[in-house]
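Let me begin by presenting the structure, written as structure tokens, before commenting on it.
The values are calculated or read from the model by the stated rules, or taken from the named source; none is laboratory data. Just so you know, these numbers come straight off a predicted model, no measurement behind them. No Cβ is skipped: glycine too gets one built from the backbone with ideal geometry, and neighbour counts run over all protein chains shown.
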Amino acid sequence: MTKAIVVGGGPAGASAALGLLKQGFEVSLIEKRTQWSGRVCGAFLNSEAIRHLEWLNVMEEVKKAGCVTVSKTSITSLLRPSSEPILFSFPTPGISLPRQALEEILLNEVRKKGGRIHMGSRVTSVDKSGSNWRVFIRQQTPPPRFELTVVDPLEKKEKADTLEAPLIVMAYGRFSFGEILSTHPQNGWYGWNATFSRVPQKPGELSLHFYPGGYVGIVTFNNGESNVCGLQYRTSETPLVWDTIFDQAVARQPGLKRMLSQSQRMSSWRGVGPLPFSTALTPSEGAILVGDAAAVGDPFIGEGIGRALAAGPMLATAIDLAKKKSSAQELSRIYASLWKKAYSKRLKMGSVFRKGLQHSRVGGLLSELLIKQVWIRQIVIPKLHVGFSAPLR
């Protein structure tokens, strides 16, 4: 195998492309966007994410972009919402960085390393032809207008309707080729975020605010702006109006209300849902699934972006274990084994905690245990944040 197609240009897809390029593959990355359109979450990168960024050789660019070290978080408990927040130091610090800056760095690195990036191209179908995957694409109209500093739109000579390669990596996110948001009255978990100013947090500070039915995380960047991101269980009776959902969160959590009383929203709301949470790797039939295409897990403290950035290191490790001579099917099997070992237990534990959040007393007890019990702090939380570790290269 010498060629690979990556469907999706978010952190997982870009990381996968970089991992493949490191292994000598010719990589074509397909991304339907033509310009930055905003994302939900991904502003806090935990220690696992940092480890993968170092492996991808982009940490210097991340530092130039103004990342800020995040060494602890303050947590407002459900059981004692009016009391002082609980302070918790991370075993290994993380960083705060706007999502747009991260994606620009990764995609620019793919381009610099020789990857072909097909911007403004939507995948219409994927099928198997012998030993090759065939990806049918349609260029969006009007012509692409992508605004990253290095990545160019699809060149004229590359405007093919079909791409073929023995290996395909699916990094299309949570919802495959469907809509990213249901406006119909459905029960389920919905994620949302916006950028705020005048939040009383210093750059690099992170706070979590739990309440019956969800929680809100706030991380502050080096420019003083803050990403306010929430996860909330919505019933069919709740209107899908983000201002209303935000007001509900503030009303249910006094600590959050105090934190945001003088703040001002600077951006429009971004939202997704209902989120298709899972506790296992999605079956792939020989394709490699990365990021949220592999499984949607809980984004409590940067776990989601950590799993996404693991795509490149994990793929490269799987290729090494396959000795670069195995079939795509065998490579997929090895990759799946690595993925399950790194993340299956974490997804199951997150599922238990999420269910508890739907009930005030249970969720409150769980949030207290996570911080107050010494064995939780010293054993469980560090293990949850280890994730995948690629061999040194």
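Structure summary
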item: Given (1) aromatic (Phe, Trp, Tyr); (2) closer than 30 Å to Ser337 by Cα; (3) at pLDDT 90 or above, number of the condition Phe277 does not satisfy; result: (3)
item: Count of residues meeting criterion [assigned to a helix (DSSP H, G or I) and surrounded by 15 or more Cβ atoms within 10 Å (Cβ to Cβ)] in the stretch 100-134; result: 12
item: Positions within the stretch 11-39 being part of a loop (DSSP other than H, G, I, E, B) and touching a strand residue (DSSP E or B) at 6+ places or on another chain (Cβ under 8 Å), in sequence order; result: Phe25, Lys32, Arg33, Thr34, Gly38, Arg39
item: Any hit, the stretch 76-89, residues being crowded, with 24+ Cβ neighbours inside 10 Å and within 21 Å of Arg174 (Cβ to Cβ); result: no
item: Yes/no for Gly302 being crowded, with 23+ Cβ neighbours inside 10 Å, modelled with pLDDT of 85 or more, touching a Ser or Thr at 6+ places or on another chain (Cβ under 9 Å) and not hydrophobic (A, V, I, L, M, F, W, C); result: no
item: Tally, over the stretch 298-332, of residues that are under 19 Å from Ala390 (Cβ atoms), in contact with a Gly (Cβ under 9 Å, 6 or more places away or on another chain) and charged (D, E, K, R); result: 3
item: Count - residues of the stretch 236-274 that are in a loop (DSSP other than H, G, I, E, B), β-branched (Val, Ile, Thr) and at pLDDT 90 or above; result: 0
item: Gly42 being touching a Leu at 6+ places or on another chain (Cβ under 9 Å) and assigned to a strand (DSSP E or B); result: no
item: Candidate set from the stretch 326-338 (those that are assigned to a helix (DSSP H, G or I) and hydroxyl-bearing (Ser, Thr, Tyr)); member that is farthest from Met170 (Cα to Cα); result: Ser337
item: The listed residue being basic (Lys, Arg) and modelled with pLDDT under 80, out of Arg361, Arg307; result: Arg361
item: Qualifying residues in the stretch 183-215 (those that are in contact with a Phe, Trp or Tyr (Cβ under 7 Å, 6 or more places away or on another chain) and closer than 21 Å to Ser89 by Cβ) - the one surrounded by the fewest Cβ atoms within 10 Å (Cβ to Cβ); result: Pro203
item: Qualifying positions in the stretch 227-248 - within 25 Å of Lys64 (Cβ to Cβ) and buried (at least 23 other Cβ atoms within 10 Å of the Cβ); result: Asn227
item: Checking Gly224 against (1) modelled with pLDDT of 95 or more; (2) surrounded by 14 or more Cβ atoms within 10 Å (Cβ to Cβ), the condition it does not meet; result: (2)
item: Among residues of the stretch 281-325, those that are part of a loop (DSSP other than H, G, I, E, B), closer than 25 Å to Ala4 by Cα and either of a type outside the set (S, T, N, Q) or free of Cβ contacts under 8 Å to residues at least 24 places away in the same chain (or both), counted; result: 14
item: Residue that is closer than 30 Å to Ser71 by Cα and modelled with pLDDT under 80, where the choices are Arg145, Arg174, Arg198; result: Arg174
item: Odd one out for Leu315 among (1) at pLDDT below 95; (2) under 16 Å from Phe25 (Cα atoms); result: (1)
